[in-house]
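Written below as structure tokens is the structure these notes are about.
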Amino acid sequence: MPLNILFAARPERWTEYEAPLHKALSDAGIDGYTLSMDLPADQVDYIIYAPNSPLQDFTPYTRAKAVLNLWAGVEGIVRNETLTQPLTRMVDDGLERGMVEWVTGHVLRHHLGTDAHVLGQDGTWRHEVPPLAKDRPVTILGLGALGGACAEALVYLGFPVTGWSRSRKNIAGIACLSGDAGLPQALCTAQILVLLLPDTPQTENVIDADALARMPAGACLINPGRGPLIDDDALLAALDDGHIGHATLDVFRTEPLPPEHPYWGHPKVTVTPHIASETRPDTAAQVIAENIRRGEAGEDLLHLVDRDLGY
């Protein structure tokens, strides 16, 4: 029986992914397959999926062995009651390296006070020397694949890094905290805070007024994770009263961020348009192909989503 693989994403993504997927499938030793955006539902073996696809009802896909998500985030699909097939999320080298570069760049920007020099060339000589990295504690909330990689990169640069996660992690060189008791401790030293948690009911508004108040005065917040992690009103209030020195935000509750949103014009907020990390077709195709190979060989799939946890 031929292997049928459905590509369920927007048409422009098919243009980007068609050639890399064929190459990756060939490299993985998979042949005799059909890869298409148009296949009879009851004949599909694997669904390569983007949550913004028109496909939202998985009931007809009775033969499908797995749904292979193209996005790192699965909040747009994991609660879909029609989805009973195994679900995987995207963890690939291109997405990871992109996140490490973006996070490292903005941590260094805030650490060095780069904005003051780039934006403040007013003829005044301000001899303000930044501390060394060893004297600038950084906290990362979320120690999954992306958070762990960012933490390791910052440790390599000399920053003392504290990481927090729902369950206990052990990463060399990082002070790993976990659970409800560990979160206040992680926040109280965070001169720079990086948010890389998933979007779940448990993480919504994790950065609220109480959490912000626990951070050191003048701390900077960087969010390339998920918009709902932050109570926006609480953050704006903390920026206005000076307790939080700056926020660099890449993700938002509503995207694109509406033009009238106060973040756009706030002098202590940097908005970037959800560019911290992007799935790269070449590397993502390799992850997809490996999971299809594993599925056909009866092996465990990579990056399976825990439906109860939501990621």
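The values are calculated or read from the model by the stated rules, or taken from the named source; none is laboratory data. Remember, predicted model here, so these are calculated numbers, not experimental data. Here the Cβ is made from the backbone with ideal geometry for all residues, glycine too, and neighbour counts use every protein chain on show.
What residue, among those in region 244-262 that are of a type in the set (Asp, Glu) and in contact with a helix residue (DSSP H, G or I) (Cβ under 9 Å, 6 or more places away or on another chain), is nearest to residue 114 (Cα to Cα)? Talk me through it step by step, then tell me what you get.
At the first step, the residues of region 244-262 found to be of a type in the set (Asp, Glu) are 250, 255, 260.
Next, only the ones that are in contact with a helix residue (DSSP H, G or I) (Cβ under 9 Å, 6 or more places away or on another chain) stay: 250, 255.
Values: 250: 18, 255: 27 Å.
Taking the candidates together, the pick is 250.
Can you tell which of 241, 232 is modelled with pLDDT of 95 or more, more than 30 Å from residue 7 (Cβ to Cβ) and exposed (fewer than 15 other Cβ atoms within 10 Å of the Cβ)?
Exactly one of 241, 232 is modelled with pLDDT of 95 or more, more than 30 Å from residue 7 (Cβ to Cβ) and exposed (fewer than 15 other Cβ atoms within 10 Å of the Cβ), namely 241.
Any idea which of 132, 119, 108, 112 is surrounded by fewer than 19 Cβ atoms within 10 Å (Cβ to Cβ), touching a residue at least 40 places away in the same chain (Cβ under 8 Å) and either in the same structural domain as residue 245 (by TED's automatic domain parsing) or charged (D, E, K, R) (or both)?
Within the list 132, 119, 108, 112, the selection yields 108.
For residue 273, indicate whether it is surrounded by fewer than 16 Cβ atoms within 10 Å (Cβ to Cβ), without any contact (Cβ under 8 Å) to a residue 40 or more places away in the chain and within 30 Å of residue 14 (Cβ to Cβ).
The answer is yes for residue 273.
Tally time: how many residues in region 1-40 are surrounded by 18 or more Cβ atoms within 10 Å (Cβ to Cβ) and either within 29 Å of the chain's Cα centre (by Cα) or at pLDDT below 95 (or both)?
Counting residues in region 1-40 that are surrounded by 18 or more Cβ atoms within 10 Å (Cβ to Cβ) and either within 29 Å of the chain's Cα centre (by Cα) or at pLDDT below 95 (or both) gives 13.
Going by the structure shown, is residue 257 touching a Ser or Thr at 6+ places or on another chain (Cβ under 7 Å) and part of a loop (DSSP other than H, G, I, E, B)?
When the stated conditions are applied, residue 257 does not pass them.
I'd like to check which helices (runs of 4 or more DSSP H) are fully inside region 75-168 and have at least 3 residues that are of a type in the set (Val, Ile, Thr) and under 25 Å from residue 230 (Cβ atoms).
93-112
Given the residues 30, 5, which is the only one that is more than 21 Å from residue 278 (Cα to Cα), in a loop (DSSP other than H, G, I, E, B), touching a helix residue (DSSP H, G or I) at 6+ places or on another chain (Cβ under 9 Å) and touching a residue at least 40 places away in the same chain (Cβ under 8 Å)?
Of 30, 5, the one residue that is more than 21 Å from residue 278 (Cα to Cα), in a loop (DSSP other than H, G, I, E, B), touching a helix residue (DSSP H, G or I) at 6+ places or on another chain (Cβ under 9 Å) and touching a residue at least 40 places away in the same chain (Cβ under 8 Å) is 30.
Please count how many residues of region 41-97 are in contact (Cβ under 8 Å) with a residue 60 or more places away in the chain, surrounded by fewer than 20 Cβ atoms within 10 Å (Cβ to Cβ) and under 30 Å from residue 275 (Cβ atoms).
Summing the residues that are in contact (Cβ under 8 Å) with a residue 60 or more places away in the chain, surrounded by fewer than 20 Cβ atoms within 10 Å (Cβ to Cβ) and under 30 Å from residue 275 (Cβ atoms) in region 41-97 gives 8.
Given the conditions (1) surrounded by fewer than 18 Cβ atoms within 10 Å (Cβ to Cβ); (2) part of a strand (DSSP E or B), and given that residue 300 satisfies all but one, which numbered condition is not satisfied?
Exception for residue 300: condition (2).
Which of the residues that make up region 197-243 are out of contact with any helix residue (DSSP H, G or I) (no Cβ under 8 Å at 6 or more places or on another chain), among the aliphatic types (A, V, I, L, M) and in a helix (DSSP H, G or I)? First the steps, then the outcome.
Filtering region 197-243 down to residues out of contact with any helix residue (DSSP H, G or I) (no Cβ under 8 Å at 6 or more places or on another chain) leaves 198, 200-202, 210, 217-219, 225-230, 233, 239-242.
Still in the list and also among the aliphatic types (A, V, I, L, M): 217, 219, 229-230, 239.
229, 239, listed by residue number.
Looking only at residues that are modelled with pLDDT of 95 or more and within 20 Å of the chain's Cα centre (by Cα) in region 154-168, which one is nearest to residue 105 (Cα to Cα)?
Looking at residues that are modelled with pLDDT of 95 or more and within 20 Å of the chain's Cα centre (by Cα), I get 154.
Yes or no: region 48-64 includes at least one residue that is in contact with an Asp or Glu (Cβ under 7 Å, 6 or more places away or on another chain), charged (D, E, K, R), closer than 30 Å to residue 142 by Cα and assigned to a loop (DSSP other than H, G, I, E, B).
no
Taking the options 284, 247, name whichever one is within 24 Å of residue 104 (Cα to Cα), not assigned by TED's automatic domain parsing to the domain that holds residue 193 and not in a loop (DSSP other than H, G, I, E, B).
It is 284.
If the Cβ limit is 7 Å and pairs must be 6+ apart or interchain, which residue in region 223-245 that is in contact (Cβ under 8 Å) with a residue 60 or more places away in the chain pairs with which residue that is in a helix (DSSP H, G or I) and surrounded by 18 or more Cβ atoms within 10 Å (Cβ to Cβ)?
224/99; 224/102; 224/103
Of 205, 223, which residue is on the phi > 0 side of the Ramachandran plot and in contact with a Leu (Cβ under 8 Å, 6 or more places away or on another chain)?
So the residue among 205, 223 that is on the phi > 0 side of the Ramachandran plot and in contact with a Leu (Cβ under 8 Å, 6 or more places away or on another chain) is 205.
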